1. May I ask you to report, in nm to one decimal and beginning with the shortest, the distances from A:Glu313 to the same position in the other copies, taking label points 7 Å along Cα-to-Cβ?
2. Using the 2.2 N^0.38 Å rule of thumb for compact globular proteins, work out how the stretch B:604-717 stacks up: its C-alpha Rg over that value, please.
3. Arrange the peptides A:130-136, A:519-525, B:241-247 so that the one whose residues have, on average, the most other Cβ atoms within 10 Å appears first.
4. With a bin width of 10 angstrom, please list the P(r) values of the stretch A:159-220 as percents of all Cα-Cα pairs, from the 0 bin to the one holding the largest distance.
5. Report the net charge of residues surrounding A:Ala510, where surrounding means a beta-carbon distance below 14 angstrom and charges are Lys +1, Arg +1, Asp -1, Glu -1.
6. Within the set B:Lys476/B:Lys582; B:Lys589/B:Lys656; B:Lys215/B:Lys684; B:Lys123/B:Lys584; A:Lys684/B:Lys499; A:Lys215/A:Lys479, which residue pairs have Cα atoms separated by over 25 Å?
7. Once the Cα gyration tensor of the protein assembly as shown is found, what semi-axes does its equivalent ellipsoid get, as square roots of 5 times the eigenvalues, in whole Å, sorted largest first?
8. Show which aspartates and glutamates lie in cross-link reach of B:Lys310 when reach means a straight Cα distance below 19 angstrom and same-chain residues fewer than eight apart are skipped.
Number of protein chains: 2
Amino acid sequence: MEGKIVLPQFGSLEWGILFFVLASSIVALIYGIFLVRYVLRTNVDDKKMLEVSLAIEEGAMAYLRRQFNTMIWFIIALMVILFFVYKSVYTDIRLPLGISIAFLMGVFASYGAGFVGMWLSVKANVRTAYTALTKSFSDSLKISFRAGAVSGMFTLGFGLLGATIIFMAFREEAMKVLVGFGFGAALAALFMRVGGGIYTKAADVGADLVGKVEKGIPEDDPRNAATIADNVGDNVGDCAGMTADVFESYEVTLVAAIILAAATLLDPSFTQKYGQNSEMFALKLIMFPLILRAIGVFSSMIGIWSVRMKEEEQDPMRGITRGYILSAILSIIGFAIVIYLYLVDPITNAPDFRFLIPPSIGILLAVVTMWLTDYFTHPDKKPATEVSYSSKTGPATVILTGMGVGLESTVWAIVVIAGTIGGALLVFPESLSLAAYSIALTGLGLLTTTGYILAMDTYGPITDNAHGIFEMSGVKDQKASRVLDRMDAIGNTTKALTKGLAIATAVIAAISLFRSFIDEAELFLKGIQINLPDVFIGILIGGAVPFLFSSFAIKAVGRAAFLVVEEVRRQFREKPGIMEWKEKPDYGKTVDIVTAAAQKELIGPGILAIFSPILVGFLLGAQALGGFLAGAILTGQLLAVFMANAGGVWDNAKKKIEDGFLGGKGTDSHKAAVVGDTVGDPFKDTAGPSLNPLIKVINLVSLLIAPIVILELPVLLKLSIVIVSLVALTIAVALSKRGAITEENK
Amino acid sequence: MEGKIVLPQFGSLEWGILFFVLASSIVALIYGIFLVRYVLRTNVDDKKMLEVSLAIEEGAMAYLRRQFNTMIWFIIALMVILFFVYKSVYTDIRLPLGISIAFLMGVFASYGAGFVGMWLSVKANVRTAYTALTKSFSDSLKISFRAGAVSGMFTLGFGLLGATIIFMAFREEAMKVLVGFGFGAALAALFMRVGGGIYTKAADVGADLVGKVEKGIPEDDPRNAATIADNVGDNVGDCAGMTADVFESYEVTLVAAIILAAATLLDPSFTQKYGQNSEMFALKLIMFPLILRAIGVFSSMIGIWSVRMKEEEQDPMRGITRGYILSAILSIIGFAIVIYLYLVDPITNAPDFRFLIPPSIGILLAVVTMWLTDYFTHPDKKPATEVSYSSKTGPATVILTGMGVGLESTVWAIVVIAGTIGGALLVFPESLSLAAYSIALTGLGLLTTTGYILAMDTYGPITDNAHGIFEMSGVKDQKASRVLDRMDAIGNTTKALTKGLAIATAVIAAISLFRSFIDEAELFLKGIQINLPDVFIGILIGGAVPFLFSSFAIKAVGRAAFLVVEEVRRQFREKPGIMEWKEKPDYGKTVDIVTAAAQKELIGPGILAIFSPILVGFLLGAQALGGFLAGAILTGQLLAVFMANAGGVWDNAKKKIEDGFLGGKGTDSHKAAVVGDTVGDPFKDTAGPSLNPLIKVINLVSLLIAPIVILELPVLLKLSIVIVSLVALTIAVALSKRGAITEENK
């Protein structure tokens, strides 16, 4: 199956489909704008609430501005490097130009989707709170969920638009250009995830340590100088970071499927089977992924619009679940119709409904992944009950039981993914290329409902903030308080569910990229043989990278939180009036400090993600780099699931106790559970989620350098690349040890 | 390089060497017996001490007896299965017979080395305490260290004797038979590690939770019904388990090196280089590993005998370190002499000193690994200081900082191992087979000082027990108390250092086994290609197994500890006189309970280790099984180092505070550090160390089934094997959820 992939000529049907897909992407954007207007239509007439919300908005925007300003120079430098490196590799100038411009576009698209989503989130939070106060539970749910959906619709819109345009412009070379696009998107996602993750947890832990522990004031108390930063953090981490992350998976899976469809023409078992109709049928397979994506736009839209709460239920989760099921079922029905009308087997002249199986498996994977997350973290399920119960013997047993849960949960997550790949393989036993295409289709299926999934995710920080704003504004209204409390709890659940899903999408995307890497590094025939010692070394080092990365992230939160603690303490000390409500704390100062700290802490993880594959590639070669990728995907996935679920179950075990289990707040059990929750915070909100873009960035960097690694480079050039990488990595490690909290710097 | 390995005929020189090696193994055993007599020469004349020590001895022996009785039926069944399965594969009846008998021998040898070591340990502990009281610090050190050395000498003796006899009897088929031997040894090691690990931590945690936390009585207080069990546990886990574990690595690396030496004759680059002298030189390479092992016997003996403490130093660690350096240097000198006299290159007629490099790298790997462990866990180094310091902000930050340390430490451990493999590869650029041999020689180097290393390890539980016996006997003597306290602390250090080393030996042994697997599964030409989806699935599942295994182990400790808590509480309740020293608690009952619980908890992890490779092999085939092994080695190593070092640093951070840092005992900092220590206990003493035998058992099972997996079996037979494995694994998972601590069973 080695050989150059060439796309067949498009006929009028194909052009028609392409424009239909483009039109759907524009529909997604228009729907997004429509949702924005829907949310902004509500006017808030409560000064206190507006004041708090404005502070959050300012903080969030300041963070994004600063992030952009830090990032942009780095991005421009990388863009120039990409251009010149590829100019020396490819004769056709269109490719280096396309790759570097696509890279920039990727950064902007990913950043843009995150930006818009967050921009609306910080406007929607106060509207959600106000609606809960002045209108009904159901109206409040609508505002918050539809606002959340905006990130989803912009992701679909930008993602589909970008991918389709690049595909139309570059055809069979599209994958190369799209790697640039994806790299930009993933790098922006990495920065937003890591930066946002550090931001949100540093603010959270810092606020709690001084506020709750030292001063004994409740959460979200306006006297705490870190409360605004804490609320800003929820948006930065959960909304912007997540959107940018999923955006990139959405892109990559689409293009991988298209390229694999074209690759069927190189496969003798395919061309023998379909004979003279091969080219025609391959064209259909090429168009099929694009149509699937367009279907996803409409099914997500309908699902989102359907979400409402029946007044008799008083449980928004049911409406959200119904909406998800609706959009999943609509997607499958849509797939079936397309197959019936379009994917007609030229030999039998009947629609080949086997192609319905892989994307449906993908949707099933999404459902099962959410179900697993729910089982391992939900307060009412056995694991969370056990963790809560273990609080009776103190914090140590809480930690151990939670670890046990987290470790176990990784296994089922992996088994489900392995089952998905295996299931997809079995559908087309007659052709290796169709089997590969089938695996790619599961990725498409998994991400079909992206719009809906991101709505569920962003709903989390919006309701969390709405609750916070309500508390801080000091309004007393029992009904609204109950509504917002309930919505906040549901938001935590949806956030946790989508977190598990984001990991699955990242792994599936990474596997697609890994396959492209094999093509780019010309390893299809040679293979990546684990039995070779250098490949084995590659696997070992690749597997260690997520561990080092997690260690960086966890330490960074500790350092940044320490700065917050110092600042909040300073304000309490220098403005003694704060405690008696006579002075206002300086929220902006704390926001600035966390923002700066989060930016600084980005450098180490960023270097690690970019330079570790470069080092392995140029030191040990392409095959070892392949081993490196496999190792990194493996442990990245395991650690991500472990951290997400251990963090989730600790969080919910604490909530379960706060809801009255084992005596509730104030008991020793509660104190023990709080320890678990605090440990879990940087797990589930910093290190864990950052592992998704990490494994994607590592794969993309490898893809980008693959054509260069396999060249016969001068030894001196190779050596200097290796040395530069080593120096960069040494700096990253040194940074991770900087300013650690020891008695010396105290 | 495919082909059948045939050993050249041995001449009188080779027979001479073989008998010299056999003689060295007997010298090791005689030296072991001599050390036993040395230790037993000291008569203890203190009734109280003897009484306590006898209780520990009885408990420890009861545990080993019960372990043996549980294990033996399982072992016999496996032996029969092995015989009949191999009878259907090999025509020559000698092989199935040899493999199944070797399996039984392996169990007995591994169990025997552990048994003898522990039998002496529980006699040496009281003598160490008594000597500290009646004689000098230095005498007390000699007794405890030499007693520890007995496990080391018996491991060398049994190991070398067994391997040499099997090699002489089975020649080129020796690897197959030795897999049986290794499997027996590893399985016994897995049972001793897991069972012992659960035992020791259940007793420890259980004793602490009721004694220290609920009743406020100190550690090792005779009123606590679990104190004896706690002391028994130290022996069972650290002494018997560790010895059995290292025993197996010692075997496997030796035979792998011999086989790889013989394989050079299949390599054209080797036979071209050495021409007609190829066979003669290959014979030398075959004998070389055996001679290295013999050198290790003598260098370990001299090193052990040299250990003493200069009275002016008052620091036993220096003597122990000097002894280690002495034995390492003697080994390298010995290697050099052998190369000078024996490994003469037939072409240049000069000794080929390049062969000195790989075993020296191995010794260096041991030194660097111990140095890394020391850096990441020693109370005076930066990581432990940071963890201690983080106790100021409570238990959550202690956990997080320790996690950060543990996660980071994995990376350096992996880099060092990767560097070792890479370094060994570079020594012989001219021949692939010599490069492979070179990697095997590093493993030999790493395990050269096994005798000394096990002495250091077993010294730990002996001094720990000696300290405990002294406390429990109620003798008041300031000098002796100080001596034993100091020795106990050093024992903790040596235990921690050797723990890191045991992981490195397990990984190197697993890599050797992996290489043999490739031969057995006839994958040398085909390779194990990560780019194939089924291999990738194999990697994913293999990587998940150590996570599931750790989760099993951690949960098991929780369950067993719960039983101990219940029992100790019951005794306090039903015998109210205990607290006023009027009644004696029933130590035996607690010992029985932990023993039974530890045995029961073995089943799940045992099933997982044996059936997961069987499932993958028969469901997905030999290549996928290769991927499975690579995944398991990778995450097994990462998790083992993570758990060992996180556990170690928490332990030492607590000790640092107890020694007066940040205010010492009784402060909030101390309480926070105790939480870290308790979390770390099952990490570093149960789950972490059990991962070593796990990865070896998994590799050995794969090796054993490889010749069957590659056969064209009837589908129905394959299906039934798959179903049986699935059922077994389901039972294992169900067992791990049994009797969990929820409100229902309370």
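Values in this text are rule-based calculations from the coordinates and carry no lab data. All values derive from a computational prediction rather than experimental measurement. Here the Cβ positions follow ideal geometry from the backbone for every residue, glycine too, while neighbour counts run over all protein chains shown.
1. 7.4
2. Rg over 2.2 N^0.38 Å, computed on Cα atoms: 1.56.
3. The most tightly packed comes first, giving B:241-247, A:130-136, A:519-525.
4. 20, 26, 17, 15, 13, 8, 1
5. -1
6. B:Lys589/B:Lys656; B:Lys215/B:Lys684; A:Lys684/B:Lys499; A:Lys215/A:Lys479
7. Output for the protein assembly as shown: semi-axes of 52, 42, 28 Å.
8. Once the sequence-local aspartates and glutamates are set aside, what remains near B:Lys310 is B:Asp139, B:Asp485, B:Asp488.
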